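For reference, the structure discussed in these notes is given below.
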Amino acid sequence: MIRIVNSAGRALEPVPGQTITIEKHNPLFNDADSFFSDISYPFKAGLNENNKAFFGLGHMLESSNSLYRIDVQFYAEEILMVTGKISYRISPDGFECTLEPNQTAINYLMKNVHLSDIRTLDSDLTSGDTEAKLNALMLNTCQFPQNYNYIFLPIQNPNIGQAGVSSRGAINYYNLDAQAFESGKPSTPYSLANTPFFKLTYILKNVAQYLGLTPDGDFFTDPYYDAIYIYTRMAFETGFIYPSMRYMPYMLISDFLKQLRERYYLAIDINLSTAKMTVSTFRNIKKGTKITDLTPYITNVIEHELPESKGYTVSLKADEQDNAFNIGTDDNKTFAPLKYLIVNDGSNKVEKAAGALKFIEQTAPGLFSYLTVDQYMKIPTLPLDDYPSEFQQDDPLNINSGNKWPLRFFRYTGMVDVGGGKFYPTAASEDLKQDDIDYYRFLNDSKQITLHAVIPPYVLAEMPMTDKYCFKTEDGNYVYIIIDQVAYDKRENEELTATKIYCRVLNYDLVTKAEIIGNDATLSENNRVKLFRFKAFFDVDKNGFNELPIEIYVGAPGSGYTVTLPNIITPTTYKGTGGSVVSLYERQAHLQTLFELRISTGQPQYMEYLGQRFYFTYDTAGYYKATLTLDNYPLDDFYWIKF
């Protein structure tokens, strides 16, 4: 039984046999923008006396316009499923209604409110009363980070300072010899500035609470993510701690959540009936021990074909306000990411907006990493001034026109022993890592299936997208899944709800090749060139192998070096279509005039490229070889190897 109840407690009577379709998507696998799209569910209700009263006599011409959009609650078998509003218009057939969940109202806030608009009562205007008090606080945040929502991490920056004033070249200056922070101005004319960096989990909690939601989920309790902080360019000489959102980049809540979702592969579940925002990560769902068994409700399983294995080149966007990302010259700047994740042939470019910080290894006074040099980070000349540069705000007192820097993260790793009984507050870069590899391999290799189920409303109401699920097959084996989308039709007088669950299988048969490679400032201006791509046709039974290893010799004979590429796993058809691809990138082999393809498995006949055929010759060293030509052509093509 379904009931739609208004604020007066009166229930609407839909047209008999009416179906209301509800859908829920997991942002973990869907376009990040779709998470913020408005949702509405149309249905019809008769023009009877009960429904006229339900809508407050809105069918009358003299009715107030406010009656055409009213607050409601949607129940199934007395279980609250959706809260929201109904808007309607009157036709000869009755009331044509649209149910709008309160998600729409939340989406409006997300798409129209900036982080800096959120008011928080977390300032500390007494922290800088004395230098000794602030110095002690700064050290405590580094020694006991679990007790604070922010940290004073030393930022080494030789370019920081004011004209004509000496500088120690640091934000949050830490004196290693004294094992203490120095926040004030000693007798020598040093200029110091201090700033707290706030925890990512803390800022996200504030965002959830602003939206009227209670933050929940393992993202907020995972020690790894609790150690991630948001970088800011805001620093003051006062030593006061201002409200946390004052230190954030100027960006909409929707952009903030979108960039977080893309960077950390978040599943965000907003439950309007419980007013909770539950946040989990792909890696925590995958390894999670909390599993809901859907076996009692499953009626049919439809297995889809494996998706086509795609290639990706993934990077974090370089901060073009940070000169440490410049691999060019001061006169001709070229900004490039620190790392690339290459998946299969790397054919689809994915650039994540949220970035990292570059670290520079130091040899003295100990082996630890400093944060990057940033030529645009300047000490303010007045207590409330921002850094005066072309990339910062023009009006230092107007945060809505400034704070124009990208979202970037670092991870605090603790007080590191640098020898001699001394410790230094140290951080690590939040660049691409194993979690990124795992996600893209899963995206390529996971089976996509559709489950048909009949589920009680009380179960549907509590099916978060942030959990792991399972079901038992006819053979008695359990299959573990992550839900992609849930869709169900709610009809009158049905105790169980027919539901479709679109999901991905958590399989461990991962075949996608992926690796993270570092940047090389000596490379060409676009900082990443794909030199060669290879496919191959071979017959497993006839040729006697099921994978094809490939080597590339780079440079002149006797003075070059060999690059081993990933194996070609899947052959093409006899006509050269389909199959897996492997690639050689210029960061694997610096630009040379000579490249030679070498194959030691089987006996290749020839290879084709741009309508030309090249034949292999046998080398007495035990391999077949063919010369490759640098791809300077405007057309994109593969070298196709034929056995």
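Of note:
- Accessible area per residue was computed with a 1.4 Å probe on protein heavy atoms; Val350 scores about 40 Å².
- You can think of it this way: the chain between Val350 and Arg10 has 117.3 nm of extra reach, that is 0.36 nm per residue less the Cα-Cα gap.
- Taking all protein chains together and rolling a 1.4 Å probe, Glu515 ends up with roughly 70 Å² accessible.
- Two-site label geometry, Lys472 and Asp293: point separation in nm, points 7 Å out along Cα→Cβ: 0.6
- Karplus (6.51, -1.76, 1.60) ³J(HN,Hα), θ = phi - 60°, over region 271-280, in Hz, Gly and Pro reported as x: 9, 6, 6, 9, 6, 10, 10, 9, 10, 9
- Violating pairs (Cα-Cα greater than 20 angstrom) within the set Lys52/Lys85; Lys404/Lys433; Lys24/Lys352: Lys404/Lys433; Lys24/Lys352
- Residues Lys205, Lys199, sorted by accessible area with the largest first, give Lys205, Lys199 [1.4 Å probe; ligands and nucleic acids excluded].
- A simple spin-label model places the labels of Glu495 and Phe144 5.7 nm from each other, with each point 7 Å out along Cα-to-Cβ.
- For His452, solvent-accessible area (1.4 Å; no DNA, RNA or ligand), Å²: 50
- Diffusion coefficient of region 405-506 by Stokes-Einstein, Kirkwood radius over Cα pairs, 25 °C, 0.890 mPa s: 136 µm²/s.
- Listed pairs Lys317/Lys513; Lys111/Lys358; Lys133/Lys205 exceeding 25 Å between Cα atoms: Lys111/Lys358; Lys133/Lys205
- Each principal axis of the Cα cloud of region 294-360 was taken in turn, and the coordinate range along them, longest first, works out to 66, 26, 18 Å.
- Here region 201-271 is treated as a Stokes sphere of Kirkwood radius computed over C-alpha pairs; at 25 °C and 0.890 mPa s its diffusion coefficient rounds to 179 µm²/s.
- Within straight-line cross-link reach of Lys575, lysines at Cα separation under 21 Å, skipping those fewer than 8 residues along the same chain: Lys310, Lys535, Lys542, Lys642
- Applying both filters, DSSP loop and at most 16 other Cβ atoms within 10 Å, to the trypsin sites (Lys or Arg not before Pro) of region 404-490 gives Lys404, Lys433.
- Sites listed here are GluC sites (Glu not before Pro) in region 211-314 whose DSSP assignment is loop and whose Cβ has at most 13 other Cβ atoms within 10 Å: Glu305, Glu308.
- Distance histogram for region 211-320 (every C-alpha pair counted, 5 angstrom bins, percent rounded to whole numbers): 2, 7, 11, 16, 18, 16, 12, 8, 4, 3, 2, 1, 0, 0
- Inter-probe distance in nm under a simple model that places probes 7 Å from Cα toward Cβ, at Glu96 and Lys310: 3.7
The values are calculated or read from the model by the stated rules, or taken from the named source; none is laboratory data. Keep in mind the model is a prediction, meaning the values are calculated, not measured. Virtual Cβ from ideal backbone geometry, glycine too; neighbours counted across all protein chains shown. These accessible areas exclude ligands, DNA and RNA; they are computed on the full protein's heavy atoms, side chains included. Shrake-Rupley method; radii C 1.70, N 1.55, O 1.52, S 1.80 Å.
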